[in-house]
Every structure is written in structure tokens, then in C-alpha cells.
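Remarks on the structure that follows.
The values are calculated or read from the model by the stated rules, or taken from the named source; none is laboratory data. Predicted, not measured: the structure shown is a model, and the values here were computed from it. Positions of Cβ are backbone-derived with ideal geometry, glycine not excepted, and every protein chain shown enters the neighbour counts.
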């Protein structure tokens, strides 16, 4: 039985325009079910938990990354639960990681019911699917994927201002209790799922986290690499560090830094980040970029 | 530019410039060192030590290319190449060694086809005789 948790605010209220068509398509594919709308932040998590108690096992997040993240954390303790996604938000990184790029195409993907068990990252008591961010990305992430031309221009100006005024922080990062790294940091990303991969690589079920650390550089050096910073292609920068680990502890000493997981604020440093292997069943597309 | 033996494919681990690493760095894939490392570096693949890198560690790898500074031993089952800007103070055990003009090497070199520290111990299997069936 399918249970649809809908964020009416996602994508600027997009569900209001497409709901009727969506329900027809779901019925045609015989995967229609209860549609429940959230009323605010944190609601999707509670609704998901309630749905599980009522016996539903396929819980579909209809929204953006925030909605999906809440649903994931609502169903994580159930071994029977399966997550589905119909992406309608402003940012849909989580859906894209599973090969789901369009809401209506998502209906076909739900109906095909290709289920994979994926790893999740865990930070404090929160699980995340794609990434955890500390540093510059926490201040710009949600605006990166805006499609409006004017907003893209504003975004570029914002990045430029950030580069010129950003105050780096020092961190000690410990990997698997094997080695530690010290650096002045511009941005630290810890990926469970690497974004925008062109080829099939095992990332969502490889049992490892990938840390990409951008050390702070001179403003001139940062400006020289402006286009890569704009697009979030930190791995292309010449001054990155890259490590794989199952457990990563991040301490920024006397200056706690904001921590975002799946684009949602979850607290401040110090934090311990762990990989939870084969933690969540999800419905995926054959276009996904992992096995 | 590098010997054919060096695999310039994906770099799995990078220690960037202005980063300081302490401890035992282990990887399955290629490692590139551009910052400061103290401890031990171990991989089944290749290690690249860039010009600005300062390494105080023993390195265990398949092939090692050194353009920076290493104080420590290098144990490579394949080739070690010390570039013109490279400085190695320590012993090298490898299948082959290339030292470019301008490089600095203070230590002992031992050439082996399979250095003893990288050899895997093979377990002996004891096969019990099967009883005869009449």
C-alpha cells in the first residue's frame, strides 16, 4: 500500500497545479494511495512514523530534499519500509541521486518498483542520503539549483561576496581512528552519494564516506577557480584533499561551525559522521548512477 | 613523462597543499601527496609525492614517484622514480629505481623483484586423506 506525504510548499506550491494529473497517473498505474499534506517543518517525519504504525510500508515523499530527508528519518527504524520519491521541490538532489529527475517520470519509476538497499550517512541522530556540509556550501547550497536567470546572476554575486569576505576556520578531522588532518578550511563536504557522476560508480552502497576538503587559499586563488566554486565542482579544484573512511570526527575547537545534512541544518561542530551500511530500501530508476 | 608502470588513473586519496596529516594513511587506490604527512603511507597502488610535499613517513606502494621531500623508507614492489626536484633521505627497496639529474638521495637502495615486506604469507593447506570406499 502506497502512502504519499506531500509538501504543499515545495517548488513554490507546484503540487497545486499538478495534483489532479498526478493522481490520475498513479491510479492508472495502480499505485494510488492516501495523499497527506504536511503543515510545516518536521511534519513529514511525524506523518511517516504514523503511516508505518497504520501498516503502510511504501512511503512516498512528494516534495524536495527537505521533505525527503524528513521522511527518511521518519521511516529509518523500520526494516519493512520502502522509500519512494516524486520530486517537485526547488532542490531535488536526493531524487537525482536515485536517477529520478522528473515527477511524472517518477510515477513510472514507482510502478516499476525497482528496490535497492542503500547506505546512509549518520551524524548525531540524523540520517542523510547524499551529503553533509560545513563551510561555504552551508551558506549557498539552497540557492545553487535555482533555474531563474535573474536568481542565477544574484547567486554569482553572492558567491563573489562570500569569497571576498569568508572567514576560514581551523579544523582537526579524524578518519577511522587511523589518521588526523589539520587545515584552515573553506569548505568540507562529506558525501554518501557523490553528485553528478557521469559513469556508474558504486557510491550509495559502497560502505564508505568520501570527504572532500577545500583548504582556504588566497582570495586570488579562489577567484581563479570561481567557475568550479559556482557549480559546486569542488573535486575539480587544484587545492582539495580527498579521503575515504567509515567514521569521520570533525572538531573546530573554540569556534563551532554550522553543519548541514542533505541541505538541512542539523547543529554545530563537533560532530561524528558514520556510514550506516544497507540501511534503507528505496525505489530507484535504472538511470541511477550506482549498482 | 612517467614510466609506463605508473597508473595515472583516478586518484583515490589526496593530501592537498596547506594540509597536515598525522597517522597511518591506508588506501586501496592511488595516493597523491601535496601537503605535510607524518606517520605511514600504505597502498596497493601508486603514490605521487608532489614538489611542495614534505613527507616524514615510510611509504609502502606499488610504484612511487617523488618530486618533493621524503624522510623515511620507501618499499615498492614496482618502480621508484625520484624526479629532479625530489629529495629522499631513507632506504629504498624496489623493483626498479630511477634517479633524475638534480635529485637528492641519501640512503641505501635494494633492488628486489618482490620486496620481502610486501610479500603475502601463503597458508599451507593440509589435505586429509579420504577413507577408501569398498
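Observations on the model:
- Of the strands (runs of 3 or more DSSP E) contained entirely in the range A:63-137, those carrying at least 3 residues that are touching a residue at least 40 places away in the same chain (Cβ under 8 Å) and surrounded by fewer than 21 Cβ atoms within 10 Å (Cβ to Cβ) fall at A:114-123.
- When the range A:189-206 is filtered for residues that are at pLDDT 80 or above and within 15 Å of the chain's Cα centre (by Cα), the ones remaining, listed by number, are A:189, A:190, A:191, A:192.
- Members of the range A:208-235 found to be closer than 21 Å to residue A:93 by Cβ, within 12 Å of another protein chain (Cβ to nearest Cβ) and either in contact (Cβ under 8 Å) with a residue 40 or more places away in the chain or outside any strand (DSSP E or B) (or both), listed by number: A:208, A:213, A:214, A:234, A:235
- Residue match in the range B:8-17 (condition: surrounded by fewer than 22 Cβ atoms within 10 Å (Cβ to Cβ), modelled with pLDDT under 95 and farther than 19 Å from residue A:212 by Cα): yes
- Test result for residue A:248, surrounded by 20 or more Cβ atoms within 10 Å (Cβ to Cβ), within 14 Å of chain B (Cβ to nearest Cβ), in contact with a strand residue (DSSP E or B) (Cβ under 9 Å, 6 or more places away or on another chain) and touching a residue at least 60 places away in the same chain (Cβ under 8 Å): yes
- Single unsatisfied condition, residue A:173 versus (1) in a strand (DSSP E or B); (2) surrounded by fewer than 22 Cβ atoms within 10 Å (Cβ to Cβ); (3) more than 17 Å from the chain's Cα centre (by Cα): (2)
- Which listed residue, of B:51, B:28, is at negative phi and more than 10 Å from every other protein chain (Cβ to nearest Cβ): B:51
- Residues of the range B:61-86 that are surrounded by fewer than 18 Cβ atoms within 10 Å (Cβ to Cβ) and not in a loop (DSSP other than H, G, I, E, B): B:71 alone.
- Taken as a whole, the range A:260-279 holds no residue that is in contact with a strand residue (DSSP E or B) (Cβ under 8 Å, 6 or more places away or on another chain), part of a loop (DSSP other than H, G, I, E, B) and within 14 Å of chain B (Cβ to nearest Cβ).
- Selection status of residue A:257, within 14 Å of another protein chain (Cβ to nearest Cβ) and out of contact with any helix residue (DSSP H, G or I) (no Cβ under 7 Å at 6 or more places or on another chain): no
- Conditions (1) within 12 Å of chain A (Cβ to nearest Cβ); (2) assigned to a strand (DSSP E or B); (3) within 15 Å of residue B:86 (Cβ to Cβ); number of the one not met by residue B:41: (3)
- For the range B:106-116, the condition holds for no residue, the condition being that it is within 13 Å of residue B:47 (Cα to Cα), under 15 Å from the mean Cα position of the chain (by Cα) and modelled with pLDDT of 95 or more.
- Unique residue being free of Cβ contacts under 8 Å to residues at least 60 places away in the same chain and more than 13 Å from every other protein chain (Cβ to nearest Cβ) when the list is B:76, B:57: B:76
- So residue A:53, is it without any contact (Cβ under 8 Å) to a residue 40 or more places away in the chain, under 26 Å from residue A:120 (Cα atoms) and either surrounded by fewer than 16 Cβ atoms within 10 Å (Cβ to Cβ) or within 18 Å of the chain's Cα centre (by Cα) (or both): yes
- Complete set of residues in the range B:73-101 that are closer than 20 Å to residue B:34 by Cβ and more than 11 Å from the chain's Cα centre (by Cα): B:82, B:83, B:84, B:85, B:86, B:87, B:88, B:89, B:90, B:100
- Filter pass, residue B:91 being more than 11 Å from chain A (Cβ to nearest Cβ) and either at pLDDT below 95 or over 28 Å from residue A:211 (Cβ atoms) (or both): yes
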